[in-house]
Amino acid sequence: MPPVINQELCTGCGTCEDSCPLDVLYMDPEQDKPCVKYPEECWHCGSCRQDCPEGAIEIRFPLRMMVSAGVAPY
Amino acid sequence: MGWSLRPAFGVNRPQQTMNAEYLETDVLIIGGGVAGLNAALTAREAGREVLIMDKAVIERSGHAAGGIDHFAAYLETGAEWDTRDAYLAFTGRSARGATDLSVVEKVYCDELQAAIQRYEDLGCSLRRSDGSYFRTQSFGQPGPWWINFNGKRMKPLLGRAVRTEGCRVLDRVSTADLLLHDGQVCGAAGFHIREGTFFVVRAKAVLLATGGTNRIYQNPTGLSFNCWMCPANTGDGEAMAFRAGARLANVEYLRMTVVPKGFSAPGLNALVGMGGKLINGMGQEFMERYDPMGIKGARHKLAHAILTELKAHRGPIRVDCRHLAPDALRHLVTTLSYDKDTLPRYFQQKGIDLSRDLLEVATSEGMQGGPNEVCGSGIKIDRDCATNVPGLFAAGNSADQCRSLHMAVTSGIHAGRALAAYAARMGQSVSPVPEPQVKAIRERVFAPMQESRTVPWQEFEDVLQRALTEGMGPARSEWGMKNAWQNLDLLDQWKDQVGARTYHDLCRSQEVYNMITVARCMITAALHRKESRFGQCHYRLDFPETDDRNWLGQVTVMKDPEGRAFPSFLPIQYA
């Protein structure tokens, strides 16, 4: 589930934590690295991806978004 | 679904006996999105003290957090469609019965030049590098009013400007409720969504700029946060205004759009504005059967046409862009990325190349929203962005007359002026803190942290979405809506069981409470309006015709002395 943080590129600066409008990303105090704490609340807005100074964040879309199958309940 | 009330890693059970912090300001702004921050800048320029509360960090919060690509404006270039009169005529025609042009003139037309100047001042120009505007046409508008621009850095620039100008910001503070003294709004209380600190802010004037109401209808993918507009916008402002005695309007309308199937991303405007074609499973262009304007017609007509084609098993519906010139296609893909940063990556990961492939689209989830791009829904405002409750103002998508980026900016600026003037009139008189109210709000807000409460907010939200989708969808009837109401009554019995183990989840719990309040107001208004209007926005099977003789105007909703929603009808005159 999105976003995916490349731990080798990530310097643990914490920018992404402040960028997320949905409070999905938290700095893990033990690892000093960000962690995707609430993946199902991601809006896929790309704010974290845009703001990461190291280009360490990519978005991986959930399967239900990748395979456009299903009937809308409307 | 894996809902659980276990705390996530590294989080100990938080203390509920946090101290409260008391703050004071001239102007309090609730919601630091585009409307709120523009209001903040204008009120600050007028010399007032400004404090902003937002659930997130204002550099990336609200609907435009990750970027936005279009701003509607008439530019008086000499063309007959490019004038103030043409804009008002279109608004009066396309939002007839929901728009009040005397308000639109003040909150949009009179502030349009200031809004365009604000973009220049911010360093986020609406112009291209050669100084010209790139303009496109869609949604039934008479000319290319949409200015395409790169708004990916707009929110960070606005956030920085607000801090530089000396506005105080409470990031990650969710507002719980407004404070009232002698019938006048005198501040608000809220809590930090990570630390739980309780804040009490006294203010001379308060602005609600909290956006629209999302996550109240089922998402076709089953992923609630995969929504078109910002999933943090959950009707908090509307619900707070309602509890404070303010009037809501246009809340009966269901808004739906057309999105890439699987990803509820904006982009329809760009796709149709640049000349994409909509075709059904049989390879036919079908829009002309529904609307003489075809694909350039109103959004609700596009949504209605697609719903009908799909119901008749003529899907899948696809957008064809293969005929576009390479330059146009490049502009399209770039613009799509300004509106939704991750959309090009989504296409890439799915292997979709618009120059080669058709893009499957479908109708989005429903949301509570205004009937079109030039008219909103929510808290009823007058020409000064004021509500019927003294001291309380609204702007942007949470105000009944405002919709889209252009009106978020202009109404924000307009509200900023009104807030500054109101606070100045209040002089030194600051209302005392209504301590009994503060205590009641605090108890209510933190109640879900009790260990005995074990229903996750996700479960509550899921049932709310099912009830509304079933009874309040794009086709409505009295019996269906009453059934939805009864289901909400049943759901309400579980309200006191919703529990949270982190302050983050406490924030989400508060959101679902506000969502059910908006849902009640929505059903109340929709039951009252015994006609159909704006296609699938309010289509009643039992009253399928538009009835201008009896229903040309707004249904408004207020609370009665028992706190229940009651409707009334307010006629509007049009030339």
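Considering each of B:LEU101, B:LEU37 in turn, give the residue that is under 30 Å from A:GLU41 (Cα atoms) and out of contact with any Pro (no Cβ under 8 Å at 6 or more places or on another chain). It would help to see each step written out before you state the result.
Numbers: B:LEU101 fails: under 30 Å from A:GLU41 (Cα atoms).
Answer to the check: B:LEU37.
Considering region B:325-346, and only residues there that are in contact with a Leu (Cβ under 9 Å, 6 or more places away or on another chain) and within 14 Å of chain A (Cβ to nearest Cβ), the residue that is nearest to B:ALA265 (Cα to Cα) turns out to be B:LEU343. Exactly one residue out of B:ARG194, B:ARG163 is surrounded by fewer than 24 Cβ atoms within 10 Å (Cβ to Cβ) and outside any loop (DSSP other than H, G, I, E, B): that is B:ARG163.
Exactly one residue out of B:GLY123, B:GLY66, B:GLY92, B:GLY33 is of a type in the set (Gly, Ala, Ser) and on the phi > 0 side of the Ramachandran plot: that is B:GLY123.
Yes/no per residue for (1) among the β-branched types (Val, Ile, Thr); (2) within 14 Å of B:THR175 (Cα to Cα):
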{"residue": "B:ALA20", "(1), (2)": "no, yes"}
{"residue": "B:VAL27", "(1), (2)": "yes, no"}
{"residue": "B:ILE30", "(1), (2)": "yes, yes"}
{"residue": "B:SER61", "(1), (2)": "no, no"}
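Any residue at all in region B:291-303 that is without any contact (Cβ under 8 Å) to a residue 24 or more places away in the chain, buried (at least 22 other Cβ atoms within 10 Å of the Cβ) and more than 14 Å from chain A (Cβ to nearest Cβ)? There is at least one residue in region B:291-303 that is without any contact (Cβ under 8 Å) to a residue 24 or more places away in the chain, buried (at least 22 other Cβ atoms within 10 Å of the Cβ) and more than 14 Å from chain A (Cβ to nearest Cβ). Within region B:66-87, the set of residues being under 22 Å from the mean Cα position of the chain (by Cα) and under 22 Å from B:ASP400 (Cα atoms) comprises B:ILE68, B:HIS70, B:PHE71, B:ALA72, B:ALA73, B:TYR87.
For region B:140-155, taking the residues that are surrounded by 24 or more Cβ atoms within 10 Å (Cβ to Cβ) and of a type in the set (Phe, Trp, Tyr), the one that is farthest from the chain's Cα centre (by Cα) is identified as B:TRP145. Of the residues in region B:441-452, not one is in contact (Cβ under 8 Å) with a residue 60 or more places away in the chain, in a loop (DSSP other than H, G, I, E, B), in contact with a strand residue (DSSP E or B) (Cβ under 8 Å, 6 or more places away or on another chain) and surrounded by 19 or more Cβ atoms within 10 Å (Cβ to Cβ). Taking the criterion of being of a type in the set (S, T, N, Q) and assigned to a loop (DSSP other than H, G, I, E, B), the residues of region A:26-74 that qualify are A:GLN31, A:SER68.
For region A:1-25, name all the residues that are of a type in the set (A, V, I, L, M), more than 7 Å from every other protein chain (Cβ to nearest Cβ), under 19 Å from B:ASP171 (Cα atoms) and assigned to a loop (DSSP other than H, G, I, E, B).
A:VAL24
Of the residues in region B:158-170, at least one is under 26 Å from B:SER431 (Cα atoms), at pLDDT 95 or above and of a type in the set (Lys, Arg). Figure legend. Inter-residue proximity from region B:198-226: first residues over 30 Å from B:GLU365 (Cα atoms), second residues among the basic types (Lys, Arg) and surrounded by fewer than 24 Cβ atoms within 10 Å (Cβ to Cβ), beta-carbon distance below 7 Å, spacing 6+ or different chains. Indicated pairs: B:PHE198/B:ARG442. You will find that of B:ILE116, B:ILE52, the residue that is away from chain A (no Cβ under 14 Å), in contact (Cβ under 8 Å) with a residue 40 or more places away in the chain and over 24 Å from B:ALA205 (Cβ atoms) is B:ILE116 and no other.
Just one of the numbered conditions (1) away from chain A (no Cβ under 13 Å); (2) without any contact (Cβ under 8 Å) to a residue 12 or more places away in the chain; (3) farther than 29 Å from B:THR25 by Cβ is not true of B:SER138: (2). For region B:203-230, a residue qualifies if it is assigned to a loop (DSSP other than H, G, I, E, B) and within 16 Å of B:THR175 (Cα to Cα), and the qualifying residues are B:ALA209, B:THR210, B:GLY211, B:GLY212. Selection within region B:347-365: residues that are touching a helix residue (DSSP H, G or I) at 6+ places or on another chain (Cβ under 7 Å) and assigned to a loop (DSSP other than H, G, I, E, B). The member of this set that is farthest from the other protein chains (Cβ to nearest Cβ) is B:SER355.
Taken together, the residues in region B:233-290 that are in a helix (DSSP H, G or I), crowded, with 22+ Cβ neighbours inside 10 Å and not acidic (Asp, Glu) amount to 12. Restricting A:GLU40, A:GLU58 to residues that are at the interface with another protein chain (Cβ under 10 Å from one of its Cβ atoms), farther than 18 Å from B:PHE347 by Cα and either in contact (Cβ under 8 Å) with a residue 24 or more places away in the chain or of a type in the set (Val, Ile, Thr) (or both) narrows the list to A:GLU40.
In region B:532-575, the qualifying residues are those that are part of a loop (DSSP other than H, G, I, E, B) and at positive phi, and the one that is farthest from the chain's Cα centre (by Cα) is B:GLY563.
Across region A:4-29, the number of residues qualifying as closer than 21 Å to B:ARG160 by Cβ and touching a residue at least 40 places away in the same chain (Cβ under 8 Å) comes to 2. Between residues in region B:57-80 that are away from chain A (no Cβ under 13 Å) and residues that are in a loop (DSSP other than H, G, I, E, B) and polar (S, T, N, Q), which pairs lie under 7 Å by C-beta distance while being six or more apart or on different chains? The qualifying pairs are B:TYR74/B:THR83; B:GLU76/B:THR83. Within region A:23-50, the residues that satisfy the criterion of being surrounded by fewer than 19 Cβ atoms within 10 Å (Cβ to Cβ) and charged (D, E, K, R) are A:ASP28, A:GLU30, A:ASP32, A:LYS33, A:GLU40.
The values are calculated or read from the model by the stated rules, or taken from the named source; none is laboratory data. Everything numeric in this text was worked out from a predicted model, so none of it was measured. FYI the Cβ positions are ideal-geometry reconstructions off the backbone, even for glycines, and counts take in every protein chain you see.
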